[in-house]
Structures are given as C-alpha cells and as structure tokens.
Amino acid sequence: MFDIKIEKLGSEGDGIGRHDGKPVFVANTLPGETVRAEGELPRPELIEVLNPSDHRRVPACPYAATCGNCTFQHGADSLILDWKRREVAYAFANAGLEVPVEPTFATPQSARRRVTFTAKRAADANADHAVQFGYKQRSSDQLVDIASCTILLPELEAEIPQLRDLCKTLLRGNEEIQLAINACDNGLDLEFHLPQPPNEAMTSGFVHAMAKLPYLRGSIDGDVVIEKEKPLIRFGRADVAIPPGGFLQAVAEAELEMARLVCKHLNGRKRVVDLFCGSGTFALRLAERSRVHGVELEAAALAALQSASSVDGLKSITSETRDLHELPLTPAELKPFDGLCLDPPRAGAEQQCAAIAKSNIRAVAYVSCNPVSLARDSKLLIDGGYTLEQVTPIDQFVHSPHIEVVALFSKKPSKAARSIFR
C-alpha cells in the first residue's frame with residue numbers, strides 16, 4: 001500500500017501520478033489529489049482519497065464504482081469539459097499543429113438515445129434477477145447487473161426491466177448476447193447480436209414476447225424478425241426510416257450542434273459531397289441549400305437516405321455505395337464539388353484526406369470521434385493548402401473520455417476551380 005499525488009488525467013481518464021519515479025495510473029482520481037492505492041503497478045487499485053480535489057463530487061449513479069460505461073462520475077463537469085478541450089489541443093500538438101480549440105460543447109446529463117447492453121443468464125440461483133443485464137466492468141469480462149442508468153434518456157432507462165425480461169427469450173447456456181438500442185422519434189428500435197443463430201423455438205418466443213411490448217422493431221444480427229412500425233429519425237426536414245443496426249449519433253443535442261457547425265460552414269456551396277454519409281445525418285440538412293452527393297459503404301443506409309430525400313424543399317441528392325478506405329474519391333472525382341463533409345469511423349480517413357488535400361474544394365467540414373486520427377488527417381489537409389478555421393470538441397458521451405470533434409477547413413480556389421462554380 002502506498003500514497004500517490006495525482007498530477008494529471010491521462011487519455012483514458014485515469015489519474016496519473018508517480019511511484020518510485022515511474023508513472024502510475026489510478027482510476028477514479030483527479031488532479032491535485034493525494035490517494036492511497038495498492039496492487040499491481042502501473043495500475044493499482046484506489047483504496048482511499050486522502051486529500052480530495054475541490055472538483056470531486058459524489059456520483060449520481062449507484063454503479064459508478066464498478067461499471068465500465070462511465071469514467072468521470074466523480075469529477076465536476078467543468079473540469080471534464082476543460083480536460084476534453086485540452087486533450088484535443090494535445091492531439092493536434094502531437095501532430096505538429098498548434099491550433100486554438102473552442103470550449104467543449106456540453107450536452108445534457110440524461111440524454112443518451114443509443115446504447116448497447118450485454119445480457120447473460122445469472123450463474124447464482126439466488127441472484128436478484130434470472131438474467132444479468134448491464135455493462136462490463138472496466139478492463140474486465142465481469143458484467144455489472146444494473147437496474148438504472150443515469151446517462152440514458154428517462155424513457156429509455158424506464159424500459160430496463162422489460163428489456164431484461166425480453167433477453168430471456170434469446171439466451172441459452174452461458175452465452176452472452178448484446179442488445180443495441182436506438183431511441184427513435186417514434187419509439188425504440190432493438191437490434192440483438194447473438195453468438196450463433198437462434199433456433200425456431202427461440203425465435204418464436206422472441207416474436208411472442210415482442211408482440212406484447214411497445215417496441216417498434218426487433219432484429220437479430222441484421223435480420224428483421226418483427227416490425228410493427230418503421231423506426232423514424234428526423235434529419236432536418238426529412239423523416240428517415242433507419243435500417244436495422246443503422247448508425248445514429250448517441251445524443252440528439254450533440255448531433256444538432258455538429259449539424260449546425262457543418263451547415264454553417266458549408267452554407268453557400270453549390271455542390272457538396274458527403275463522405276461516410278450514413279442515412280443522411282448531414283446530407284439531408286445540407287440539401288436544404290446545396291445539391292448533395294452522398295457516399296457510403298452500407299447500401300441499406302443509402303437506401304434510407306434516398307427514400308427520405310424526396311421531401312419538399314430539398315435540392316437533389318445522389319448517392320453511391322463505395323468503400324472509401326479501399327477506394328477513396330480521387331482529386332479528379334472531387335473536382336465537381338465546392339464543399340465537402342466527412343464523418344469517418346475512429347480510424348479516420350487518411351487516404352481520402354490525402355486526395356482532398358490535392359483538390360480545390362473550398363470548404364471542408366470534418367466530424368470525428370477520435371482527436372488523434374483527426375489531427376493526423378488535418379495535417380494532410382493543411383499541408384495541401386487548407387486553413388484550419390475552427391476546432392470544436394463536443395461532449396457527446398458525458399462522464400466518459402470519448403470526444404467528438406468538428407474541424408472546419410477552407411481553401412482559396414484556383415482560377416480554374418472558380419470558373420466551374422460561376
């Protein structure tokens with residue numbers, strides 16, 4: 001057992017101090033605190049906070065000490081928001097870019113509309129529930145059984161008992177299953193992931209149980225098993241029937257702020273290409289003022305986008321199915337566009353940004369869920385003549401170290417490019 005002075009927060013949200021001259025990472029601690037810890041280095045277990053920070057607070061969630069879904073329930077919001085801003089600046093600095101970063105945009109505490117739970121049969125016959133339902137402990141395979149979750153929309157949190165019971169129909173033996181939920185504008189959309197396909201009896205039991213519950217759709221590994229009503233999400237003026245497992249930003253307020261930044265930056269552009277466009281989070285909003293071409297690998301997402309694009313008041317939206325990691329758009333293919341939006345996965349879009357850097361697209365809006373890959377890709381754009389206008393962190397995942405970022409770039413077009421858009 002030993003005492004440690006916590007100096008700062010690391011990239012995963014752990015407090016970092018030093019013991020015998022070596023860095024030590026202690027979960028649930030804050031900068032400036034002196035704590036007592038024991039266990040295997042470099043990640044010992046916190047035993048006691050000897051000198052608590054003024055920013056320490058009592059977690060609102062009863063599972064905060066064990067659940068791996070949140071990291072910062074013990075820290076004041078102001079501290080965490082500033083830490084996220086500095087983490088973004090640090091990522092850019094590591095890429096050789098010193099850039100000003102806007103204050104982190106805060107989202108509500110109980111606003112998550114997209115979530116994934118894990119479920120399995122309880123091994124203990126005396127357990128409170130026949131089914132364990134919740135999240136994994138951090139760095140562990142242990143499942144934390146929950147009855148509430150303070151980060152969720154209240155109407156989603158209220159469904160936890162019913163969702164737990166529904167999982168019984170698809171559990172067998174010691175298997176674990178995952179349940180991904182989208183809280184859509186008209187109700188809940190459920191997508192189950194099983195280690196092996198369900199048998200006929202399981203499917204029948206699942207359909208029978210779903211028929212009694214107020215959920216819109218139940219899918220298993222991408223296949224719709226029961227659908228009472230299309231799950232709808234509104235993007236701008238359009239209602240989109242998202243496909244099973246369709247991507248949805250986790251918090252509506254975060255999505256609206258991202259869209260506001262993107263649309264404001266690309267306002268006035270005549271032709272916009274939206275890369276990794278999904279079902280149209282940005283494309284359908286951009287089409288209120290610009291012609292849009294969406295590019296996405298998932299054909300079902302593009303079908304949902306095209307189906308929603310006929311709403312009155314939108315300019316034309318075209319689309320193509322394409323793997324932008326394997327086959328990025330070339331500078332020649334980018335030539336017809338004067339605006340670009342991209343929202344890639346965590347790995348970023350290195351090859352695509354190398355091509356964008358060689359283009360004359362005037363305005364680029366990059367939405368990222370990984371500041372490190374964003375900073376790397378930003379350097380490619382800047383080296384290609386783009387100016388980084390603004391970097392804004394979005395605290396979409398409250399109490400977690402995950403950070404969304406919107407970066408806005410501009411480039412003065414060549415004479416040839418100017419003539420295209422006259």
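Below are the figures for this structure:
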item	result
Answer from ASN182, ASN174 - the residue that is loosely packed, with under 14 Cβ neighbours inside 10 Å, farther than 23 Å from PRO59 by Cβ and either touching a His at 6+ places or on another chain (Cβ under 6 Å) or not aliphatic (A, V, I, L, M) (or both)	ASN174
Boolean, THR321 is over 21 Å from PHE409 (Cβ atoms), at pLDDT 95 or above and surrounded by fewer than 24 Cβ atoms within 10 Å (Cβ to Cβ)	yes
Residue within the stretch 159-169 that is closer than 25 Å to LEU261 by Cβ, not hydrophobic (A, V, I, L, M, F, W, C) and not assigned by TED's automatic domain parsing to the domain that holds SER11 present	no
Meets criteria (assigned to a loop (DSSP other than H, G, I, E, B), β-branched (Val, Ile, Thr), in contact with a strand residue (DSSP E or B) (Cβ under 6 Å, 6 or more places away or on another chain) and modelled with pLDDT of 95 or more) for VAL101	yes
Given (1) exposed (fewer than 12 other Cβ atoms within 10 Å of the Cβ); (2) assigned by TED's automatic domain parsing to the domain that holds VAL24; (3) modelled with pLDDT of 95 or more, number of the condition PRO52 does not satisfy	(1)
Number of the exception - LEU327 against (1) part of a loop (DSSP other than H, G, I, E, B); (2) closer than 24 Å to GLY268 by Cα	(2)
Strands (runs of 3 or more DSSP E) wholly inside the stretch 237-316 containing at least 3 residues that are at pLDDT 95 or above and crowded, with 24+ Cβ neighbours inside 10 Å	271-275, 291-296
Unmet requirement for VAL364, which otherwise passes all of (1) part of a loop (DSSP other than H, G, I, E, B); (2) within 22 Å of the chain's Cα centre (by Cα)	(1)
The stretch 105-127 residues that are over 19 Å from ALA76 (Cα atoms), paired with ones that are assigned to a loop (DSSP other than H, G, I, E, B) and modelled with pLDDT under 90 (beta carbon under 8 Å, 6 or more apart)	ALA122/HIS129
Residue match in the stretch 30-40 (condition: among the aliphatic types (A, V, I, L, M) and touching a residue at least 60 places away in the same chain (Cβ under 8 Å))	no
Residue count for the stretch 1-13, restricted to those that are outside any loop (DSSP other than H, G, I, E, B) and either touching a residue at least 24 places away in the same chain (Cβ under 8 Å) or of a type in the set (S, T, N, Q) (or both)	5
Contacts under 8 angstrom Cβ, first residue in the stretch 80-101 being at positive phi, partner modelled with pLDDT of 95 or more and in a helix (DSSP H, G or I), 6 or more apart	GLY96/LYS379
Residue match in the stretch 338-349 (condition: out of contact with any Gly (no Cβ under 7 Å at 6 or more places or on another chain), of a type outside the set (Gly, Ala, Ser), more than 26 Å from LEU97 (Cα to Cα) and free of Cβ contacts under 8 Å to residues at least 40 places away in the same chain)	no
Count of the stretch 207-217 residues which are in a helix (DSSP H, G or I) and free of Cβ contacts under 8 Å to residues at least 40 places away in the same chain	3
Exclusive hit being assigned to a helix (DSSP H, G or I), modelled with pLDDT of 95 or more and among the aliphatic types (A, V, I, L, M), set VAL405, VAL372	VAL372
CYS61, sole failed condition from (1) touching a Ser or Thr at 6+ places or on another chain (Cβ under 6 Å); (2) within 17 Å of ASP14 (Cβ to Cβ); (3) surrounded by fewer than 19 Cβ atoms within 10 Å (Cβ to Cβ); (4) not β-branched (Val, Ile, Thr)	(2)
In the stretch 375-402, the residues that are in a strand (DSSP E or B) and closer than 20 Å to ALA111 by Cβ	THR392, PRO393, ILE394, ASP395
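For (1) hydroxyl-bearing (Ser, Thr, Tyr); (2) outside the structural domain of LEU342 (by TED's automatic domain parsing); (3) within 20 Å of the chain's Cα centre (by Cα), each residue gets a yes or a no:
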position: VAL207; (1), (2), (3): no, yes, no
position: ALA211; (1), (2), (3): no, yes, no
position: SER219; (1), (2), (3): yes, yes, no
position: VAL225; (1), (2), (3): no, yes, no
position: LEU256; (1), (2), (3): no, no, yes
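The values are calculated or read from the model by the stated rules, or taken from the named source; none is laboratory data. Here the structure is a predicted model, which is why all the values come from computation and not from measurement. Please note: Cβ atoms are built from the backbone with ideal geometry, for glycine as well, and neighbour counts cover all protein chains shown.
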